[in-house]
Amino acid sequence: MANIDIKQIIEIVGYIGSALVIVSMLMTSVVKLRIINMTGSVIFGAYALCIHSYPTAAMQVALIIINIVNLYKLLNTKKEYSVVKVKSSDLYLKHFLQENQTEIKKFFPDFKNVEPGQVIYLVCCKETCAGVFVAAPQEDSTLTVCLDYTTPAYRDTSVGRFLYNQLAVQGIKKLKAATNDLQHQKYLKKMGFTKSELYFVKDLMN
């Protein structure tokens, strides 16, 4: 009976490892993908050793090393950003919004399109556009955020921190953002926004 229980536990461990590897492929964040994939490889590698499948275990060790190397590069390579202010009629802006419309609708369901009079910035990492920021100007040097989207490859808060520093340099004192999306709320809190009655608010002067 004990042997049967142990075999069942080993099988469950194998399924968990396989499931994590599969789930990692669904991650939009590259960092999360690497971490979850590596965790799955560790678990599945342990399973492979338990059943004496050494080629499978060796492959998992190789995947773990690959994930560690790529995580190191992702977390330790300094990204050089630049910010470009554009108009609502900018053709590349329209192209970027069109290419990323599915995710934009997911995180910003109330966002429809850019409008004249809004403040619009593209944040670039060398020649690649990493994100777009759209906001409506208010009184007292305040911006109400309509869209603050970053592509998955740069979704590690570095884009937001760079952009908010640039906005502060340009004299913007406060950002206001409204969202019902729990994941976006988590991001705002990580970026230093605090919840008020109707908005999440960030003081850029602090």
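The values are calculated or read from the model by the stated rules, or taken from the named source; none is laboratory data. No experiment lies behind these values; they were computed from the predicted model shown. Cβ sites come from the backbone with ideal geometry, for glycine too, and all protein chains shown count toward neighbours. Accessible surface is based on the protein model in full, side chains and every heavy atom, while ligands, DNA and RNA are left aside. Shrake-Rupley method; radii C 1.70, N 1.55, O 1.52, S 1.80 Å.
Here are the numbers:
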quantity: Pick from segment 117-147, criterion in contact (Cβ under 8 Å) with a residue 40 or more places away in the chain and within 18 Å of the chain's Cα centre (by Cα), ranking: surrounded by the fewest Cβ atoms within 10 Å (Cβ to Cβ); calculated: CYS124
quantity: Residue check for THR102: of a type in the set (Ser, Thr, Tyr), open to solvent by 80 Å² or more (accessible area, probe 1.4 Å), on the phi < 0 side of the Ramachandran plot and part of a helix (DSSP H, G or I); calculated: yes
quantity: Which listed residue, of THR28, THR39, is within 20 Å of LYS73 (Cα to Cα), in a loop (DSSP other than H, G, I, E, B) and either touching a residue at least 12 places away in the same chain (Cβ under 8 Å) or acidic (Asp, Glu) (or both); calculated: THR28
quantity: Qualifying residues in segment 148-163 (those that are surrounded by fewer than 20 Cβ atoms within 10 Å (Cβ to Cβ) and either touching a Leu at 6+ places or on another chain (Cβ under 8 Å) or of a type in the set (D, E, K, R) (or both)) - the one nearest to GLU99 (Cα to Cα); calculated: ASP156
quantity: Scope segment 31-57; condition open to solvent by 50 Å² or more (accessible area, probe 1.4 Å), among the aliphatic types (A, V, I, L, M) and within 31 Å of the chain's Cα centre (by Cα); matching residues; calculated: ILE35, VAL42
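This table checks each residue for (1) in a strand (DSSP E or B); (2) touching a Lys or Arg at 6+ places or on another chain (Cβ under 9 Å); (3) modelled with pLDDT under 95; (4) over 24 Å from LYS32 (Cα atoms).
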| position | (1), (2), (3), (4) |
| --- | --- |
| GLY117 | no, no, yes, yes |
| ALA153 | no, no, yes, no |
| ASP156 | no, yes, yes, no |
| ARG161 | no, no, yes, no |
| GLY171 | no, no, yes, yes |
| LEU175 | yes, yes, no, yes |
| LYS186 | no, no, yes, no |
